[in-house]
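Nothing in this text is a laboratory measurement; each read-out follows from the coordinates by a stated rule. In this text, all values refer to a predicted model and were calculated from it rather than measured experimentally. Note that each Cβ is placed from the backbone with ideal geometry, even for glycine, and that neighbours are counted across all protein chains shown.
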Amino acid sequence: MTRPTRILLLVLLSILFSIAAPIQAQRLSTAEDYFNRGYERGEAGKLAGAIADYTRAIKLDPNYADAYFNRGNARDDKGDHDGAIADYNKYLELKPDDPDVYFNRAGALDNKGEHDAAIADYNTYLERKPDDPDAYFNRGNARFNKKDFAGAIADYTKYMEFKPLDGDAYYNRGNAKDDAGDFAGAIADLNRAIELNPRDPETYYNCAYVRTGMGEIPRAVANYLRYIELAPGDPDGYNAVAWLWATTPDARFRNAKRAVEYALKACRLSKWRDARILDTLAAAYAESGNFPQAIKWENRALSVGKLSAAERDGARERLQLYREGKAYQEH
């Protein structure tokens, strides 16, 4: 059982403006008044209000470049990536020599899934600001998202030249190395991430996943159990270790009793609504020899839905095994 790994994003650059005093209660009349209130609202997380104020500022002054820039930031934060890109494009028309807009537009493009365009904007930005580490980090994210793992690894490595003690960079580079097939390198980076951020649960989870693929089952179990200690309310940790105890091909490391115990915990945490977790419970019961329960919960997993075609096919194959009185082991 797998889940997507997390990629951390650094905060986007923005133009900061000094404001003499709060103006919420003042009467607004100029474009600058609306701009300043929009900035205050944006800082307070009131994105809809900020967008409305920047829009009013632009109506009063259609060439107010900074209002387009900041409205683009607010729109991107609100999930309106197309609107953000349009605002950044307008800003570029008005201020074509400002490199910062390429950084922000790249983030919006990457959020929209246009990874090649995002990388092009990061390239333009880095031509003008080659010493900005965050641009290498975020370009690494964009390259990771387009599955250019070698490029992502190179960018995270460059970022580390500037910030050698940032655990997030090791975490991301470790994930990229895993996807590139460099499992030993992935473990080395994820272990370094753990040293730098020892209470980040996600790193233990991903480290366990890589170790499972390498056949290092006891170490994988230890990593999953540490994840559970740090994130006890997340069913994914219980589910992952239960699946491992139930289905690992190495009989020395299977543990049917604990697999059932942890699968039940995952089911309770997920309110019995996650088909993949119900599938794990069925596998755990099968490993324990309780095939009626295995059949019951595999059927329930299939009825809940939300499985991909491949997952559904796998669940049906396992159901047939359980009907034949056979447990399932991964190969």
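Figures for the structure shown
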item: Principal axes of region 233-331: Cα extent on each, largest first, Å; result: 30, 29, 23
item: Order of Thr247, Thr280, Thr55 under a 10 Å beta carbon neighbour criterion, fewest first; result: Thr55, Thr247, Thr280
item: Distance from region 20-94 to region 148-180 (C-alpha centre basis), Å; result: 35 Å
item: Fraction in percent of alpha-carbon pairs per bin - 10 Å, the chain; result: 6, 21, 22, 20, 16, 10, 4, 1
item: Highest average packing first - 164-170, 93-99, 145-151, Cβ atoms within 10 Å; result: 164-170, 145-151, 93-99
item: Cα lying deepest toward the dipole's positive end in the chain, options Thr212, Gly49, Asn138, charges on Cβ; result: Thr212
item: Alpha carbon centroid spacing (whole Å) that separates region 303-331 from region 111-137; result: 44 Å
item: Loop-located trypsin sites (Lys or Arg not before Pro) in region 176-260 whose Cβ has at most 12 other Cβ within 10 Å (DSSP); result: Arg199
item: Computed label-point distance, nm, for sites Glu43 and Gln320 using a 7 Å Cα→Cβ extension; result: 6.5 nm
item: Calculated diffusion of region 82-201, Stokes-Einstein form, Kirkwood radius summed over Cα pairs, 20 °C and 1.002 mPa s, µm²/s; result: 144 µm²/s
